[in-house]
Amino acid sequence: MAIAVITGAASGIGAAVREQFVAAGMEVIGIDLKRADVRADLSTAAGLRSALDDVLQRTGGTIDRLICCAGLGPQAEPPGRTAAVNYFGAVALLDGLFDALKRGTNPAAVVVASSSAVLQSWADNPLRDAYLGGDEARVQALVATLPAEQAGYVAYASSKYAVSVAVRQRAAAWGNARVRLNVVAPGAVQTPLLEAGLSDPRYSEAIRNFVAPLGRRAEAHEIATLIGFVASEQAAFVHGSVLFIDGGLDASARPFDF
Ligand code: NAD
């Protein structure tokens, strides 16, 4: 039976992936703050260490699928925690479970980023070098200097761009090891994270206006279906890619770029 590890498995997209993987006969180990097989706070070094130890012990050091869904939105406080979970937590899980994936069968990992990551300039982003250098203290210090009305969104979008870059940076080594690694980048998805943003006056209008050409938000199971495909053997040549699933949002926001 294939073993899948899913972070953020208690809610939203992660819970939908869990449901689909269980239905497909996989053994799923969910990691989350609560309502999970492995309860851990992926924003802290201690939480990451205990999550990795627990997962490696439960799996005997062999994993077939890793899906990094855990994340916080722009409204989460403090904004530095968003950068910690979305970037540093995801990268720690990827690197900490790489050897276990190498021992898996047709192994694959998927990181959930966001199509909104490309709506800010990455080249001019003040956090870029700190992310690329893996300097969490510097990222936290820079986020703390941002104006309060921008900090959450900048922390969110930059963390999602940075984690997409982290995947691309690993494509050569992971490909050589025959472990596939990709990003799925959703647009607006109807989940508790999005609901929390809608009820925050700082972000509600922007989220309401973040409407896809298809005229609706995605449901979590639609994102889970793409994640499941990308992680499956049917996608055996998909590697190092960032796959948008946003109902046409990015194309309509940037019609002259890709
Ligand atoms: P969600 O809030 O329903 O689920 C996120 C899960 O992550 C929750 O169960 C939460 O407890 C967990 N989590 C958060 N912080 C954690 C921590 N410190 N340690 C362990 N677990 C933690 O949200 P969702 O919309 O399903 O989000 C899943 C992923 O999709 C996130 O990475 C999010 O950024 C991304 N995303 C969501 C949308 C959207 O519109 N909903 C759009 C683009 C990308």
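The values are calculated or read from the model by the stated rules, or taken from the named source; none is laboratory data. Predicted model, so just to flag it, every value in this text is computed and none were measured. Cβ atoms come from the backbone with ideal geometry, glycine included; neighbour counts cover every protein chain shown. Ligands, DNA and RNA are excluded from the accessible area calculation, which covers all protein heavy atoms including side chains. Shrake-Rupley method; radii C 1.70, N 1.55, O 1.52, S 1.80 Å.
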Quick check on my filter: what residues within the stretch 126-152 are assigned to a helix (DSSP H, G or I), out of contact with any Ser or Thr (no Cβ under 8 Å at 6 or more places or on another chain) and open to solvent by 70 Å² or more (accessible area, probe 1.4 Å)? Asp129, Leu132, Ala137, Arg138, Ala144, Thr145, Ala148, Glu149, Gln150
Residue list for the stretch 52-82, filter: near the ligand (Cβ under 8 Å from one of its atoms) and within 29 Å of Gly25 (Cβ to Cβ): Cys68, Cys69, Ala70, Gly71
Which residue is nearest to the ligand (Cβ to nearest atom), if the candidates are limited to the stretch 192-239 and must be open to solvent by 80 Å² or more (accessible area, probe 1.4 Å) and among the acidic types (Asp, Glu)? Glu195
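One line per residue, one yes/no per condition, for (1) touching a strand residue (DSSP E or B) at 6+ places or on another chain (Cβ under 6 Å); (2) within 13 Å of the ligand (Cβ to nearest atom); (3) of a type outside the set (Lys, Arg):
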{"position": "Val5", "(1), (2), (3)": "yes, yes, yes"}
{"position": "Ala10", "(1), (2), (3)": "yes, yes, yes"}
{"position": "Ala15", "(1), (2), (3)": "no, yes, yes"}
{"position": "Phe21", "(1), (2), (3)": "yes, no, yes"}
{"position": "Asp32", "(1), (2), (3)": "no, yes, yes"}
{"position": "Thr44", "(1), (2), (3)": "no, yes, yes"}
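Table: residues versus (1) over 20 Å from Cys69 (Cβ atoms); (2) within 12 Å of the ligand (Cβ to nearest atom); (3) at pLDDT below 95.
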residue	(1), (2), (3)
Asn125	yes, no, yes
Asp135	yes, no, no
Ala151	yes, no, yes
Arg170	no, no, no
Val179	no, no, no
Quick check: anything in the stretch 191-204 without any contact (Cβ under 8 Å) to a residue 12 or more places away in the chain and among the aromatic types (Phe, Trp, Tyr)? no
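Is it the case that Leu119 is within 14 Å of the ligand (Cβ to nearest atom), open to solvent by 30 Å² or more (accessible area, probe 1.4 Å) and under 23 Å from Ile6 (Cα atoms)? Spell out how you get there, then give the answer.
Values: within 14 Å of the ligand (Cβ to nearest atom): yes; open to solvent by 30 Å² or more (accessible area, probe 1.4 Å): yes; under 23 Å from Ile6 (Cα atoms): no.
Here the answer is no, as Leu119 does not meet what is asked.
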Can you tell me which of (1) under 16 Å from Thr7 (Cβ atoms); (2) open to solvent by 30 Å² or more (accessible area, probe 1.4 Å); (3) in contact (Cβ under 8 Å) with a residue 60 or more places away in the chain is the one Leu33 doesn't meet? (3)
